[in-house]
Amino acid sequence: MVQIGNFHIGRYDSAHKPVLSSGEGSYLWEILVALYDWNDTLEILVNYAYDQELIDFLRKCEHLLNKQTKILEDEMAHYQVPLPERPRKAISFDTESGVVQDDFIFSRIFINSQNFLLLCSGAVKISVVSESLRETFLKILLERIEEFDEICKFGRKKGWLQMPPKQKIN
Amino acid sequence: MQRKDFHIGWSQSVKPPEVFGNEAYFLWEALMSRYDTIQLSQIYLNAVHDADFKLIMKKGLMNILEKQVNILEQEMDRYHLPLPNRPPKSVRFNLTGNVITDEFLFRRLSLGIQISIDKQTNAIASTFYNDDLRRIFVGFLKKELEVYDDVCKYGKLKGWLKNPPLTLSSGG
């Protein structure tokens, strides 16, 4: 019998199937559902965005989203975890410009990015069984941190980032 | 004219570096938790039996923490924030019996790292205005994740890492 990674040659009962913990399976599913949901939200927000730089930024966010979605879908197929329903490919509709402001759209991206950081760090934390899955979650978290950094800088440049209160320290 | 800490012009126009309330809190919190972890690790070291585990705690973890403490103290000093009291340099005592096992200490250690990952992520998510501080917190988190990865592998090797319930793929 020979098995390298997931590739096996030999009697059927000598193959080692990929194993993951219940927590890892649940985080895989949870992050993918969050990504699908965010995909729908981004598609809707793009219709409302007015500022061209914001539209480009939203498209950039979509690019990372699609890349990470593909990685997680492949992982779920590898571990044979049932996949959730996919989001719609595109959502286009007419919007009255100015109803949803660009700064409101930015706030949605910002808050969502903060939540993603917490979700992904939780996934890394519980990944103790599958080394490869921990590596995948880790990569996703680091990419999300980079994206968060860009979001902060973009928001400050545009003046959309809420300034926290200044306090006098004693 | 002033760019960060560098100033050219009349001395009256000098502004000390400013920090927001939440950033000050996360700086202080990061430093306090490192002080606590250093002290806790010193206590644990008295109970560790395994030689390589002792080395990992001493060289691997304590050295990283000490370096990070220096960075945090400098940052707090830069923003004129009051520093908390430092922990003792060493904590030595005699521990008899075999009540505290290496496996138990390993699990305390890995739990501590998991909590720390949460804290660092929170610090990054909340430090959205000060790029320099965020960069420091990101560096800390990256190091923490690296350590966590190594600790998981080491725990597996020693048989100390407990597996949660496993799910096996059903096959086609």
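Here are the numbers for the structure shown:
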item: Choice from A:Gly25, A:Gly159, A:Gly122 with maximal GNM fluctuation in chain A (Cα, 10 Å cutoff); result: A:Gly159
item: Angle in degrees between helix A:22-48 and the longest Cα principal axis of chain A, rounded to the nearest 10; result: 30 degrees
item: 5 angstrom amide H check on A:Val129, placed H, neighbours 5+ away; result: A:Ser21
item: Descending principal axes extents, the range A:25-120, alpha-carbon based, whole Å; result: 45, 26, 17
item: Cα extents of the range B:31-171 along the three principal axes, largest first (Å); result: 53, 49, 18
item: Alpha carbon Rg of chain A, scaled by the compact-globule rule 2.2 N^0.38 Å; result: 1.28
item: Sparse-neighbour loop sites [chymotrypsin sites (Phe, Trp or Tyr not before Pro); the range A:30-133; at most 11 other C-beta within 10 Å; DSSP]; result: A:Phe93
item: Cross-link pairs B:Lys59/B:Lys158; A:Lys70/A:Lys157; B:Lys89/B:Lys162; A:Lys139/B:Lys58 - those with Cα-Cα distance over 26 Å; result: A:Lys70/A:Lys157; B:Lys89/B:Lys162; A:Lys139/B:Lys58
item: For A:Asp51, residues with placed amide H under 5 Å, excluding near neighbours; result: none
item: R0 of 30 Å, Cβ-Cβ distance A:Ser92-A:Ser132: FRET efficiency to nearest 0.05; result: 0.20
item: Highest-MSF residue in chain A out of A:Gln101, A:Gln52, A:Gln80 [GNM, Cα springs under 10 Å]; result: A:Gln52
item: Shielding score for B:21-32, defined as the mean number of other chain Cβ atoms within 10 Å; result: 1
item: Average beta carbon contacts from partner chains per residue of B:122-130, 10 Å cutoff; result: 6
item: Paired Rg and Dmax values of the range B:1-114, which use every Cα atom, in angstrom; result: 19.4, 68
item: Candidates B:Phe93, B:Phe140, B:Phe26, ranked by Gaussian network fluctuation over chain B, Cα under 10 Å, top entry; result: B:Phe93
item: Extension gain from B:His80 to B:Glu18, taking 0.36 nm per residue of separation minus the Cα-Cα distance; result: 21.4 nm
item: Cα Rg, Dmax (largest Cα-Cα span) when computed across the protein assembly as shown, Å; result: 23.9, 83
item: Residue-span extension gain [A:Leu64 to A:Gln52] - 0.36 nm each, minus C-alpha spacing; result: 2.4 nm
item: FRET efficiency estimate (nearest 0.05) - Cβ-Cβ, B:Arg92 to B:Asp118, R0 22 angstrom; result: 0.10
item: Karplus (6.51, -1.76, 1.60) ³J(HN,Hα), θ = phi - 60°, over the range A:106-122, in Hz, Gly and Pro reported as x; result: 4, 4, 4, 5, 4, 5, 4, 5, 4, 5, 4, 4, 5, 5, 5, 5, x
item: In the range B:23-102, trypsin sites (Lys or Arg not before Pro) in a DSSP loop with at most 10 other beta-carbon atoms within 10 Å; result: B:Lys89, B:Arg92
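The numbers here are math on the coordinates, done by the rules we state, and not lab data. If you're wondering where the values come from, they're calculated on a predicted model, not measured in any experiment. Please note: Cβ atoms are built from the backbone with ideal geometry, for glycine as well, and neighbour counts cover all protein chains shown.
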